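Okay, so here's the structure we're looking at.
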Amino acid sequence: MANAATAEDHVTLNLGSGGPVIATDFVNQVDMGYGNASGPAHFQVIKLSTGGAGEYALLSTDSPAPVQIWKIGNTDVSEGFLAVRGNTAGTQAVPVSISGATLEVNDITILGGTLDRILGASCDIRSIASGITLSVVGVSGNNSVAVTGDVSVSSGISADIRSLPLPTGITAYSKTVSDSTLQTFNSFSLSSGVKIKNYFSGLEGLTPGNSGPGGGILCVGYTGALSAGGSSGFLLSPGEEVFVEIDNMNRLVATSVDYDAAETFVIMSVLGT
């Protein structure tokens, strides 16, 4: 039986004998859009319980309803991850910075995204999918990676070393260098290096000395580390030669070592590619 004032919230059962009150919300709307003559009505207020059969657990702040999110917008989160973006438009990745801590990552799986860079990390690559090309940019000021220790090639991987890139230019000449001169060299880019020879041509019997040009000891050094007539560099006796792996001729300097007043100069022969 309804309250005497049916237009108010709540309904009293067995009104004449003082029955219990059922909590309701009275909605005063003529047409609610369902059934015929769906006019004003009382909507019962119900408390939810999350308990299973034979159990109960009334919802509260201490016992909230268990919720599992399956989809947010167009993102399906049923696989256990939620897409996170670095801007409100969802077009940028989230920047992550870790300072003063150690992070150990055992496995990374990238789905639908890009790993832009790893800075200051020591890592190894266990496998690379077919068709992927790796490039190194900006490592120690150049596009190269220093490799230390042993390098091995797994079975099933082959390398073709039958062709190698060859130098495209050559420089070849001779220089007379005295013990009072610190000889420098013009710039010439080298792909493999330069061969240097202390050349002499004895006119009688191919012997060094006054009978032919040259005959002194050649000393080769690095720019700024050698003085005229000094022997602090690499020494070459007449007829000896050495190959130096450098990338430009202008890194070299040379002089003749004054060990005998009669042989105060050398003829330095250069071949660089």
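The values are calculated or read from the model by the stated rules, or taken from the named source; none is laboratory data. Here the structure is a predicted model, which means the values were calculated and not measured. These accessible areas exclude ligands, DNA and RNA; they are computed on the full protein's heavy atoms, side chains included. Shrake-Rupley method; radii C 1.70, N 1.55, O 1.52, S 1.80 Å.
Suppose we filter segment 255-273 for residues that are assigned to a loop (DSSP other than H, G, I, E, B) and at pLDDT 85 or above; how many remain? Talk me through it step by step, then tell me what you get.
Taking segment 255-273 and keeping what is assigned to a loop (DSSP other than H, G, I, E, B), we get 258-259, 261-262, 264, 273.
Keeping just the survivors that are at pLDDT 85 or above gives 273.
Residues in segment 255-273 being assigned to a loop (DSSP other than H, G, I, E, B) and at pLDDT 85 or above: 1 in total.
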Original post:
Failed condition for Gly113, given (1) under 56 Å from the mean Cα position of the chain (by Cα); (2) at pLDDT 75 or above, with all others met?
Top reply: (2)
Subject >> Residue selected from segment 19-48 under the condition small (Gly, Ala, Ser) and open to solvent by 60 Å² or more (accessible area, probe 1.4 Å), by the criterion nearest to Ala7 (Cα to Cα) >> reply: Ala37
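Please verify whether Thr223 is open to solvent by 50 Å² or more (accessible area, probe 1.4 Å), of a type in the set (S, T, N, Q) and at pLDDT below 85, treating the condition exactly as stated. Outline the logic, then answer.
Details: open to solvent by 50 Å² or more (accessible area, probe 1.4 Å): yes; of a type in the set (S, T, N, Q): yes; at pLDDT below 85: yes.
Considered against the rule, which asks whether it is open to solvent by 50 Å² or more (accessible area, probe 1.4 Å), of a type in the set (S, T, N, Q) and at pLDDT below 85, Thr223 comes out as yes.
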**OP:** Could you please give the count of residues in segment 248-264 that are under 15 Å from Lys195 (Cα atoms) and open to solvent by less than 80 Å² (accessible area, probe 1.4 Å)?
**Re:** 6
